[in-house]
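Novice: The structure's right below; bear with me while I get my questions together.
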Amino acid sequence: MKKIFIALLGVMSIASVANAQKKTSGAIQFENTIDPAAMASASGIQLTDQMKARMPSSSKTNFELLFTATNASYMPVEETEDSNGAGGGGMGRMMMRFGGGGGNREYYYTFADKGLTEVFDLNDTTYYMPSKLTLSTSGPIGSMRMGGGNPRDTTKAQASPAPKIEVVKTDSTKQIIGFTCHQAIVRSTRAIKILDMDKNVVEETKIWYTKDLGFDFSPNPNMWTEGAVLAIEGRGNSSIAKSIEYRNVSTKDVTAPKKAKLITDEEYKTKMESMMKRFRQNRPGGGQRRAFGMN
């Protein structure tokens, strides 16, 4: 009887260890929504009906966070029909690992130092750019290009005075994929001129984070205050976690590719400014500029 009891304890101990290991890796699915017209209005731009008609319509994109005990990766995914009906629901997910073409990027996180590596393609070359999780000083609109584009692509906006950024922690909580998330509001106040009148534009972005996952993360690396951010809600732009699945994740899937070429933040800005200058110079004379409201 004693041997049976000891054996049972051994089985329970092994199961407990296996369960604990299982909880340290997995995947979280995110849904990002972008409404360009609402974003433009939030930045204080007055849009005519004609301008709104020419702007892109709102869109949704799926992203996936793969995580282990030490690292994570975040990038776009696409849902496709599975002809074999795998997964019970007849849907399968296919990873779309873009190198940055069209504004898409891969993000790789190292939890120990809150490190971040962005991987993207530029002029047929794959680059990696190291940085950190942080709160952007350019404000919500300048930093809400989650999982696509880059908050550094703001060569015109940098000429404007930096906004005043305020972080307000509230007592609000809500459940997201089974975790209790706390709210922090990022408030940005910018002085702009509209029709020769000075005006202060106030934008608020809600960040919902949890510390229960045991690591730091944000679907927008430039909109982070603490913990693992499971939702970001801005006017016309949002990202929210939809599901979580604990499973084994390969170290390779959360490690930045070694063949990419290093580029610094300053080098990137210089390249982008040069590209914009060439674009303006090559624009046909008398061509009508398309207004997207984000000048």
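Novice: For the range 132-168: of the residues being surrounded by fewer than 16 Cβ atoms within 10 Å (Cβ to Cβ) and among the hydroxyl-bearing types (S, T, Y), which is modelled with the lowest pLDDT?
Specialist: Top of the filtered list is T155.
Novice: May I ask you to list pairs of residues, at least six apart or on different chains, whose Cβ atoms are under 6 Å apart, with the first in the range 171-184 being free of Cβ contacts under 8 Å to residues at least 60 places away in the same chain and the second being surrounded by 17 or more Cβ atoms within 10 Å (Cβ to Cβ) and not in a strand (DSSP E or B)?
Specialist: Qualifying pairs under 6 Å: A184/T225.
Novice: Provide a single number: the residues in the range 109-124 that are among the polar types (S, T, N, Q) and modelled with pLDDT of 90 or more.
Specialist: 2
Novice: Does R97 satisfy the condition of being closer than 20 Å to L262 by Cβ, modelled with pLDDT under 70 and of a type outside the set (F, W, Y)?
Specialist: Numbers: closer than 20 Å to L262 by Cβ: yes; modelled with pLDDT under 70: yes; of a type outside the set (F, W, Y): yes.
So R97 passes the test.
Novice: Here's another thing I want to ask about it. Does S218 fit the bill of being closer than 27 Å to F67 by Cβ and out of contact with any Pro (no Cβ under 9 Å at 6 or more places or on another chain)?
Specialist: Numbers: closer than 27 Å to F67 by Cβ: yes; out of contact with any Pro (no Cβ under 9 Å at 6 or more places or on another chain): yes.
Criteria met by S218.
Results for (1) of a type in the set (D, E, K, R); (2) in a loop (DSSP other than H, G, I, E, B), shown as yes or no for each residue.
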position	(1), (2)
T225	no, yes
L230	no, no
K242	yes, no
K259	yes, yes
K269	yes, no
S274	no, no
K277	yes, no
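Conditions (1) in contact with a Ser or Thr (Cβ under 8 Å, 6 or more places away or on another chain); (2) surrounded by 16 or more Cβ atoms within 10 Å (Cβ to Cβ), marked per residue:
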{"position": "K211", "(1), (2)": "no, no"}
{"position": "T225", "(1), (2)": "no, yes"}
{"position": "R235", "(1), (2)": "yes, yes"}
{"position": "S238", "(1), (2)": "yes, yes"}
{"position": "V249", "(1), (2)": "yes, yes"}
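The values are calculated or read from the model by the stated rules, or taken from the named source; none is laboratory data. Computed from a predicted model, the values in this text were never measured in an experiment. No Cβ is skipped: glycine too gets one built from the backbone with ideal geometry, and neighbour counts run over all protein chains shown.
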